[in-house]
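The values are calculated or read from the model by the stated rules, or taken from the named source; none is laboratory data. All values reported here derive from a predicted model rather than from experimental measurement. All Cβ positions, glycine included, derive from the backbone under ideal geometry; neighbour counts span all protein chains shown. Just the protein is used for accessible areas: all its heavy atoms, side chains included, with ligands, DNA and RNA removed. Shrake-Rupley method; radii C 1.70, N 1.55, O 1.52, S 1.80 Å.
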Amino acid sequence: MVRVALTDFRWPVDPALARTRDDTTVARMLYPTALRIDPATGAPVAGLCSGWAASDGFRTWTFTCRSAPAIAAALRRVQHLQAAPLRWLFVDARITAPAANRLLVRLPFAWRRFPYALTTVASAPRSVPGPFHLVSGSADQLVARSPSLTVLLRRYTARAAERAFERGDVDEAPVPAGEVAATRARLGNVVETRSLLALDGVALRRLTPALRRVYWDTANRGDYADLITEARGAAASSVVATAKKVPPRSYRNALNAIGTLPRVRARIGVPDDEALRAGARLLYGDWRDIGLGPVLVSERAPALDGSFDRWTAPYPQAEALPAELVLRDRLGARPLLLRALAAGDQGAALERLDTHLRASAHLVPVAWVVDARLVSPRLRGWREDTLGDVDYSAVRSLASSRRP
């Protein structure tokens with residue numbers, strides 16, 4: 001048995017509503033996706049579907065699948081669920097299963113890498129058994145079993161999970177935000193870190209262009225990377241993984257501009273997440289110190305001027321985060337994104353889209369996300385991918401758990 005501490009999963013488990021890293025982890029254990037990601041190459045490989053082909057200039061995709069009607073039903077359900085986090089991937093598509101082994105997806109625009117969308121948990125039908133079957137479940141604990149492994153997933157706070165790991169009660173646990181270095185100094189090489197294709201930032205919607213520009217240029221990315229992410233090089237000034245930096249003169253110019261702008265109480269919504277709240281407070285303090293007027297409120301508060309959030313790519317491609325920002329959040333230029341989605345070599349197209357986002361300052365990127373986990377040395381095959389997922393079907397335990 002392997003015991004895993006999680007902090008944020010929903011019950012009952014529903015792949016269509018998976019929102020957090022823990023939600024996705026649990027959903028992938030219990031339900032099979034149409035396609036999977038090859039951990040060695042990052043390319044889509046067979047899951048429930050074994051083959052695919054594009055036509056009509058990458059606007060129509062035909063997949064050969066077992067349980068094609070069930071996959072089509074799962075995708076249409078995601079289309080119609082307003083609360084589905086990945087609804088934006090499929091919302092305007094026409095999805096049918098003209099035969100038991102054939103899935104047909106017609107898109108409103110050319111999308112060369114669309115098969116990656118079917119590697120997400122949104123493509124997982126609940127009627128088809130996955131790698132593990134659910135033995136028992138509640139809001140606080142799940143037990144899942146495969147022919148070779150039983151996994152106990154238990155809900156903890158981040159600090160309680162760390163203490164449980166030190167007692168030997170769990171084999172894997174998250175490291176509390178901002179405590180990676182201290183935990184590594186205390187516990188050594190059991191701390192595993194992984195840079196994710198995920199971004200912390202602030203979306204600004206209602207402020208004037210001049211005020212958005214000042215917020216963009218004065219975001220304290222360095223302190224955020226050092227104190228929250230605790231990873232050198234995690235500071236982000238782009239929505240694609242590049243080495244772009246904010247020129248020092250931009251910060252000086254922004255400081256000089258603050259006195260010329262009206263003082264606005266910018267209401268910034270913050271989600272109920274410990275790590276994100278800590279990051280938001282750090283940015284808030286720095287912005288207040290230089291004369292700006294942000295106010296942190298609940299993400300559900302009315303009349304928000306912006307929101308602090310974490311954007312996580314649904315699949316491991318450079319286009320994924322920009323696509324989410326444009327298609328779901330309406331934060332970028334749709335024509336520029338569609339050119340990138342249709343392109344074979346996306347580099348130049350994504351660069352143009354990123355330049356447009358930087359110029360508009362509707363999104364203030366702050367830092368790339370680094371996930372830190374405590375992992376017992378007795379676990380073999382444990383690997384976290386760039387999306388934060390762990391394939392527990394590949395994990396083996398060298399010895400029995402210390403406790404029954």
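Looking across ALA40, ALA100, ALA83, one residue alone is over 21 Å from the mean Cα position of the chain (by Cα) and surrounded by fewer than 21 Cβ atoms within 10 Å (Cβ to Cβ). It is ALA100. Would you check if PRO12 is without any contact (Cβ under 8 Å) to a residue 12 or more places away in the chain and surrounded by fewer than 21 Cβ atoms within 10 Å (Cβ to Cβ)? When the stated conditions are applied, PRO12 does not pass them. Which of the residues that make up segment 46-64 are touching a Phe, Trp or Tyr at 6+ places or on another chain (Cβ under 9 Å), free of Cβ contacts under 8 Å to residues at least 40 places away in the same chain and over 16 Å from LEU107 (Cα atoms)? Listed by number, the residues that qualify are SER50, GLY51, THR64.
Residues that are assigned to a helix (DSSP H, G or I) and either in contact with a His (Cβ under 8 Å, 6 or more places away or on another chain) or among the hydroxyl-bearing types (Ser, Thr, Tyr) (or both) within segment 277-301 comprise just one, TYR284.
Being basic (Lys, Arg) and either assigned to a loop (DSSP other than H, G, I, E, B) or touching a helix residue (DSSP H, G or I) at 6+ places or on another chain (Cβ under 7 Å) (or both), is that true of even one residue in segment 303-313? Yes, segment 303-313 contains at least one residue that is basic (Lys, Arg) and either assigned to a loop (DSSP other than H, G, I, E, B) or touching a helix residue (DSSP H, G or I) at 6+ places or on another chain (Cβ under 7 Å) (or both). Look at segment 26-45: where a residue is at negative phi and assigned to a loop (DSSP other than H, G, I, E, B) and a partner is open to solvent by 20 Å² or more (accessible area, probe 1.4 Å) and among the acidic types (Asp, Glu), sitting 6+ places away or on another chain with Cβ atoms under 8 Å, you get PRO39/ASP385; PRO39/ASP391. If you go through segment 103-113 and keep only what is under 19 Å from ARG77 (Cβ atoms) and buried (at least 22 other Cβ atoms within 10 Å of the Cβ), you end up with LEU103, VAL105.
When LEU304, LEU325 are screened for being more than 30 Å from GLU384 (Cα to Cα), in contact (Cβ under 8 Å) with a residue 12 or more places away in the chain and in contact with a Gly (Cβ under 6 Å, 6 or more places away or on another chain), only LEU304 passes.
Within segment 192-220, the set of residues being open to solvent by less than 30 Å² (accessible area, probe 1.4 Å) and within 23 Å of GLU319 (Cα to Cα) comprises LEU196, ALA198, LEU199, ASP200, GLY201, VAL202, ALA203, LEU204, TRP216.
Modelled with pLDDT under 95 and charged (D, E, K, R): is that true of ARG186 in this structure? Spell out how you get there, then give the answer.
Working: modelled with pLDDT under 95: yes; charged (D, E, K, R): yes.
Against the criterion (modelled with pLDDT under 95 and charged (D, E, K, R)), ARG186 qualifies.
As a summary of the residue check, SER136 satisfies the conditions (1) of a type in the set (Gly, Ala, Ser); (2) in contact with a strand residue (DSSP E or B) (Cβ under 6 Å, 6 or more places away or on another chain); (3) open to solvent by less than 20 Å² (accessible area, probe 1.4 Å) except for the one numbered (3).
Being closer than 23 Å to ALA257 by Cα and open to solvent by 10 Å² or more (accessible area, probe 1.4 Å) is the filter here; which residues of segment 293-306 pass it?
Correct list: VAL295, LEU296, ASP305.
Within segment 43-80, no residue satisfies the criterion of being surrounded by 19 or more Cβ atoms within 10 Å (Cβ to Cβ) and among the acidic types (Asp, Glu). Scanning segment 138-159 for residues that are more than 24 Å from the chain's Cα centre (by Cα) and free of Cβ contacts under 8 Å to residues at least 24 places away in the same chain yields a count of 3. Among the residues of segment 139-174, those identified as open to solvent by less than 20 Å² (accessible area, probe 1.4 Å) and of a type in the set (Asp, Glu) are GLU162, ASP171, GLU172. Of everything in segment 318-334 that is within 17 Å of PHE90 (Cα to Cα) and within 14 Å of the chain's Cα centre (by Cα), the residue that is most open to solvent (accessible area, probe 1.4 Å) is ARG328. Exactly one residue out of LEU337, LEU350 is without any contact (Cβ under 8 Å) to a residue 24 or more places away in the chain, over 20 Å from ASP217 (Cβ atoms) and surrounded by 19 or more Cβ atoms within 10 Å (Cβ to Cβ), and it is LEU337. Scanning segment 367-386 for residues that are in a loop (DSSP other than H, G, I, E, B), on the phi < 0 side of the Ramachandran plot and of a type outside the set (A, V, I, L, M, F, W, C) yields SER376, PRO377, ARG378, ARG383, ASP385, THR386. Which of the residues belonging to segment 245-284 are in contact with an Asp or Glu (Cβ under 8 Å, 6 or more places away or on another chain), of a type outside the set (Gly, Ala, Ser) and surrounded by fewer than 20 Cβ atoms within 10 Å (Cβ to Cβ)? VAL246, TYR251, ASN253, VAL264, ARG267, PRO271, ASP272, ASP273, LEU276, LEU282, listed by residue number.
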